[in-house]
Structure formats: C-alpha cells, structure tokens
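S.K.: Quick one: this structure, given as structure tokens, is what I'll be asking you about.
Please treat every number below as a calculation from the coordinates, not as lab data. This one's a predicted model, so the numbers in the text were calculated from it and none came from an experiment. Virtual Cβ from ideal backbone geometry, glycine too; neighbours counted across all protein chains shown.
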There are 2 protein chains.
Amino acid sequence: MRYLIKFSYDGTNYHGYQTQKGYHTIQQTMEEAATKINNGKKVIITASGRTDRGVHALGQLAHLDIDVKITPYKLKRAMNTNLPEDIHIISAEEVEDNFHCRYQAKEKEYEYRINMGEYNPLRRNYVYQHNYPLQVDKMEQAIHYLEGKHDFRAFVTDNKEKENCVRTIKKAMVTKDSTNQEELVITFIGDGFLRYQVRNMVGLLLKVGIGKIEPLQVKEILDSKVRGKHGCRVPACGLCLKNVVLKPKIEIID
Amino acid sequence: MRYLIKFSYDGTNYHGYQTQKGYHTIQQTMEEAATKINNGKKVIITASGRTDRGVHALGQLAHLDIDVKITPYKLKRAMNTNLPEDIHIISAEEVEDNFHCRYQAKEKEYEYRINMGEYNPLRRNYVYQHNYPLQVDKMEQAIHYLEGKHDFRAFVTDNKEKENCVRTIKKAMVTKDSTNQEELVITFIGDGFLRYQVRNMVGLLLKVGIGKIEPLQVKEILDSKVRGKHGCRVPACGLCLKNVVLKPKIEIID
C-alpha cells in the first residue's frame with residue numbers, strides 16, 4: 001500500500017534531507033523508522049524535493065510503500081514513536097499505487113526569516129541574525145521583480161549551463177512577524193525552486209535592504225542571467241519549507 | 001567597577017542557572033567568560049535569582065565586578081565573544097559599588113507556553129506539548145484567583161514549612177500567541193516566585209483546562225495552603241523568565 005505523508009523537521013542537526021553515504025540525513029532517519037514498521041523490509045521514502053543542510057520544513061510531503069497492513073493513523077503514530085524529536089509526521093493517507101510525490105507537487109512555499117533586532121538565543125537556529133538596519137520598503141519594492149515566469153539562472157550557484165532554469169514565482173512578499181516586529185519574513189510561493197535559489201534571492205534582497213543596490217537592479221540582475229555573480233547566499237538556518245501543494249488527482253477515463 | 005548586565009539564554013543544554021559542582025550551568029559558563037576578560041582573576045556573577053534546569057530567560061539581570069578598565073559596551077562585546085551561542089548579553093551598564101541585583105529586583109515576569117496544536121519540532125524546546133483540547137475560558141477565570149497577595153504554600157514542592165511563602169502576583173493572564181493561535185501563553189508578573197511555583201500553578205490551571213477541576217477549586221487549593229498535594233509540575237521547557245524590574249535607585253541624602 002502506498003501512503004502520502006506530511007511531515008515537519010528541524011534541519012539543524014542533519015546533513016540535509018537526501019540520503020548521502022556517511023552523513024546523518026532526514027531521509028535516512030525516516031527510512032529507518034519506516035523499515036522498522038515494515039518488519040525490517042527496506043522502505044524508500046520519496047519526498048516532493050530535497051532541502052539542503054540546516055534547512056527546516058513544516059509541511060514537507062513524501063510517499064512510501066508499506067507491505068504490512070496498517071491504517072494511516074496507526075502509520076503516523078508508529079512513525080512518530082520511532083522518529084527522533086526533531087522529525088514529526090503530521091498526517092498520513094492512503095494514495096493510488098501510481099502516486100508520485102515529486103511529479104505531483106505543483107507548488108511550494110518557502111519562508112526565510114531574518115532577525116533585525118537583538119540576537120535571541122531561543123531563535124538562533126531558525127533565523128538569520130542581521131545586525132544592521134534594513135530598508136524594508138525598498139526590499140518590498142525589489143521582491144516584486146522576482147514574481148512571474150523567469151529564467152532564474154542568475155540565482156543558481158552551481159554551474160549547470162544546460163539546465164532549464166525557468167520557474168514561475170506566483171507570489172513573493174516581505175512581511176514582519178506579527179508577534180515580533182523585528183523578525184522579517186520573506187515568502188516565496190512558486191512551482192519549484194532551483195538549488196540555493198531562495199537563499200541567493202534573499203541575499204540579493206538584503207543588498208537592497210542595506211542600500212548597497214537599488215530595487216531596480218534586482219530586475220537587471222535577474223534579466224542578465226549571469227550565474228552567481230551578484231548573489232550572496234544567506235545561511236540555511238533562516239529557511240523553511242512551509243507548504244507543498246499537489247496537483248489535483250488525475251481522473252482516469254477508460 | 002561593578003556592572004549590571006541584562007542577558008538571555010536557552011536553558012535546554014544547561015543544568016539550571018546556578019553553579020553546581022560537576023554540572024554544566026549558565027552561571028559557571030558566564031563566570032568563565034567574565035574571568036577571561038578580567039585577565040584570569042575569578043569573577044562572580046550574581047543574578048536576580050536562579051532558574052531551574054531547562055528554563056529559559058530573555059531578560060535576566062545580574063551584577064559582576066571587573067577590575068580591568070572596560071566600557072560597558074566593550075564588556076558586552078567581549079562577553080558575547082567568549083560565550084556560547086545559547087547565552088547572550090543584551091546590554092551592560094556601570095552601577096554603584098553597593099548595587100545588588102538580587103536585593104534590588106522588585107518584580108519578575110515569567111511566561112509559560114503550551115502548544116495545543118500539532119507537535120512542531122522547531123518549537124520542541126520552548127513549549128509544553130499538550131495533545132488534548134483545553135477550555136481556555138475556564139483557565140482565564142481560574143488564573144485570576146492567583147492574583148494578589150497570598151501564601152502560596154500550596155504550590156511549593158519542597159518541604160519548607162518554616163519558609164515564608166507569601167508573595168504578591170500583580171498580574172496573571174492567559175493569552176494566545178498572535179502568530180500562532182494554538183500556542184497558549186500564561187503570564188505571571190509578581191514580586192518574586194517560590195521554587196517550582198509557576199510550574200505548579202500552570203499544572204493546576206491545566207487541570208482546569210481539561211475539565212478535571214472547576215475554576216473555583218483553584219482558589220480553594222490556594223487557600224488550603226496544603227503543600228504539593230494538588231499541583232502537577234509541568235515541564236521546564238515551556239518556562240521563560242521574560243523580564244526583571246529593579247527598584248528605583250535609592251538617593252542617599254547626607
């Protein structure tokens with residue numbers, strides 16, 4: 001039986017989502033828990049996409065196959081019993097055998113948090129500490145140039161010249177946390193993001209915020225399609241995958 | 001020169017504030033940092049009061065004497081350089097030689113956080129996870145019986161029959177976090193609190209929240225002055241010392 005699970009994790013103590021030999025990862029930790037439930041028969045977990053080392057998730061999705069007969073609710077319970085306290089299954093449901101979490105992911109929401117106030121040790125793993133004042137209004141202006149369908153090659157770090165870098169950002173916004181006005185929240189909702197794209201975009205917005213470049217230059221840099229020259233990747237700890245939206249179920253008509 | 005410092009800490013990895021032989025504590029860690037700045041001459045740090053193992057602080061106060069000539073701003077900077085990332089000096093100022101942080105503390109504000117929603121791994125060290133629905137209105141009713149000047153013996157865990165347990169709670173309230181309505185915030189502002197008093201009071205309020213007792217019974221239990229019979233100490237991780245208010249400076253008239 002194939003299951004779709006929604007889960008959250010604190011990425012601080014992991015070497016990213018994806019399994020890598022010799023490293024402690026979210027995927028490996030989750031597969032170990034699922035394999036136990038599956039009476040020792042190896043389970044592969046396929047997420048909607050990977051997240052990098054130190055990045056968090058509050059609404060990640062994945063699918064997995066379990067041979068043992070188990071209700072979704074009991075699968076959730078059993079997984080949480082076997083998982084460490086920094087990974088949590090929020091929900092589980094049965095899906096069709098041909099369901100594929102990566103291909104069926106339609107939209108992702110990422111959030112990046114910046115603390116402009118005094119350093120707070122309780123938030124140290126969840127925000128990027130920025131000790132200089134930011135011109136938030138200019139950042140708000142600049143972020144709108146990133147909305148829409150663009151070739152985001154300028155925000156890719158790796159040299160992947162042949163890769164298709166066209167993505168659509170449906171919504172991008174800069175807000176303040178309603179409890180703590182000194183915590184800036186930068187949100188991106190889009191059909192998918194390239195590796196380090198969000199952190200490079202935030203890095204460029206920070207340059208706008210400190211007055212090093214003007215908002216319009218964000219558009220120029222985007223249009224230049226010159227990889228990695230302008231960005232400045234911000235730390236992983238501020239980033240969180242908040243939500244993944246799936247394509248509606250495909251109705252098969254015979 | 002005597003300095004007053006304001007500081008914050010994540011209590012998760014410490015065995016409480018106060019120095020204890022063989023344990024890793026906040027005080028010891030801070031004294032080691034201050035002693036380095038004082039050219040190796042031992043510095044004692046005297047806080048407004050201790051916090052227990054796992055309890056956090058966002059506005060703790062302490063005083064310390066430094067023999068080396070240093071401005072308050074440089075003391076803050078030097079301390080933060082020598083402190084681990086889970087302790088942070090917010091500010092420092094010079095005070096009179098007879099200033100005493102514990103005796104001059106007039107008021108303390110504690111906050112206890114309860115998560116009534118789905119478990120969130122990013123909040124695991126900062127909230128108490130409560131998986132059953134709570135009747136918040138009844139808790140609001142009940143908490144007001146704790147306001148005022150009372151003998152809080154009923155909320156003390158240790159057997160200290162001769163100890164004076166009279167304290168004044170100026171304000172006590174139950175609110176919801178403005179960003180996350182599923183996170184309950186219980187605030188107590190008072191002239192001082194007995195050991196485990198806040199956590200025992202919150203434990204009793206939770207009994208009201210789940211409908212095990214009626215709000216009025218909180219008053220009866222308080223009035224009974226029977227130690228520890230009714231409480232149920234909630235975990236340390238939800239507790240945070242938010243603020244300490246000092247008595248106004250005493251003007252000495254010759």
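S.K.: Mean separation of Cα pairs under 8 Å and 6+ residues apart, divided by the residue count of region A:171-217: what relative contact order is that in percent?
M.R.: Rounded, it is 25 percent for region A:171-217.
S.K.: Further question: Just add up the charged neighbours of A:A142: K/R +1, D/E -1, any other residue whose Cβ is under 13 Å from the Cβ of A:A142.
M.R.: -1
S.K.: Scaled to the compact-protein estimate 2.2 N^0.38 Å, what is the alpha-carbon radius of gyration of chain B, rounded to two decimal places?
M.R.: Working it through for chain B, the quotient is 1.08.
S.K.: List the aspartates and glutamates whose Cα sits under 16 Å from the Cα of B:K41, skipping any in the same chain fewer than 8 residues away.
M.R.: Of all the aspartates and glutamates, those that pass the test against B:K41 - Cα under 16 Å, at least 8 places apart if same chain - are B:E31, B:E32, B:D65, B:D67.
S.K.: Please report, in Å, the Rg and the Dmax of region A:91-187, where both are computed over Cα atoms only.
M.R.: 17.6, 52
S.K.: Could you tell me which of B:G22, B:A47, B:C165 has its Cα farthest along the dipole of the protein assembly as shown towards the positive end, charges placed at Cβ (Lys, Arg +1; Asp, Glu -1), taken about the Cα centre?
M.R.: Checking the options against the dipole of the protein assembly as shown, the answer is B:G22.
S.K.: So, one more: Cut-off under 24 Å on the C-alpha distance; same-chain residues fewer than 8 positions from A:K247 excluded. Which lysines are left, in chain and number order?
M.R.: A:K6, A:K76, A:K106, A:K108, A:K149, A:K170, A:K171
S.K.: How much of the pair distance distribution for the protein assembly as shown lies past 38 Å, counting alpha-carbon pairs only, in percent?
M.R.: Result: 39 percent of Cα pairs exceed 38 Å.
S.K.: With each run of n ≥ 4 DSSP H residues scored as -39500 (n - 2.57), what mean residue ellipticity at 222 nm is computed for the protein assembly as shown after dividing by its residue count and rounding to the nearest 500 deg cm²/dmol?
M.R.: After summing the helix terms and dividing by residue count, I get -6500 deg cm²/dmol.
S.K.: Where a ≥ b ≥ c are the square roots of the eigenvalues of the C-alpha gyration tensor, would you call region A:84-140 rounded, which needs a/c under 1.5, or, failing that, prolate if a/b is larger than b/c, or oblate?
M.R.: Oblate is the answer for region A:84-140, as a/c is 1.5 or above yet b/c matches or exceeds a/b.
S.K.: Taking only Cα atoms, what is the 0 to 90° angle, nearest 10, from helix A:215-224's long axis to the longest principal axis of chain A?
M.R.: With rounding to tens, the tilt is 60 degrees.
S.K.: Next question, about the same structure. Could you work out how far the C-alpha centroid of region B:157-209 sits from that of region A:22-47, in angstrom?
M.R.: Value for the Cα centre distance between the two parts: 42 Å.
S.K.: So, counting K/R as plus one and D/E as minus one, what does the shell of residues with Cβ under 12 Å around A:P84 add up to?
M.R.: Overall, the nearby charge balance is -3.
S.K.: What nm distances, shortest first, do you get from the label point of A:Y119 to those in the other copies when the point sits 7 angstrom along Cα to Cβ?
M.R.: For A:Y119, the other copies' label points sit at 3.2 nm, shortest first.
S.K.: Give me the percent of Cα-Cα pairs in region B:106-244 that sit more than 28 Å apart, rounded to a whole number.
M.R.: Result for the distance tail: 12 percent.
S.K.: Taking 8 Å as the Cα distance limit and 6 or more residues as the minimum spacing, I'd like the relative contact order of region B:106-244 as a percentage.
M.R.: Contact order relative to length: 39 percent.
S.K.: Would you mind computing, in nm to one decimal, how far apart the modelled labels at B:E32 and B:E147 are, each placed 7 Å from Cα along Cα→Cβ?
M.R.: Reported label-point gap for B:E32 and B:E147 is 4.4 nm.
S.K.: Continuing with this model, one more query. Does region A:2-99 come out rounded, prolate or oblate by the C-alpha gyration tensor, with a ≥ b ≥ c the root eigenvalues, rounded set by a/c under 1.5 and, if not, prolate when a/b is larger than b/c and oblate if not?
M.R.: Because a/c hits 1.5 or more and a/b exceeds b/c, region A:2-99 counts as prolate.
S.K.: Let me check against my output: what whole-number percent is the relative contact order of chain A, with C-alpha pairs under 8 Å and at least 6 apart?
M.R.: Contact order relative to length: 24 percent.
S.K.: Is there a quick way to get the dipole size of chain A? I mean about its Cα centre, with the Cβ of Lys and Arg at +1 and of Asp and Glu at -1; what is the value in debye to the nearest 20?
M.R.: The dipole magnitude comes to about 480 debye.
S.K.: Work out the charge dipole of region B:106-244 with +1 on the Cβ of Lys and Arg and -1 on the Cβ of Asp and Glu about the Cα centre, then indicate which of B:Y112, B:Q135, B:G211 is farthest towards its positive end.
M.R.: About the Cα centre, the residue reaching furthest to the positive side is B:Y112.
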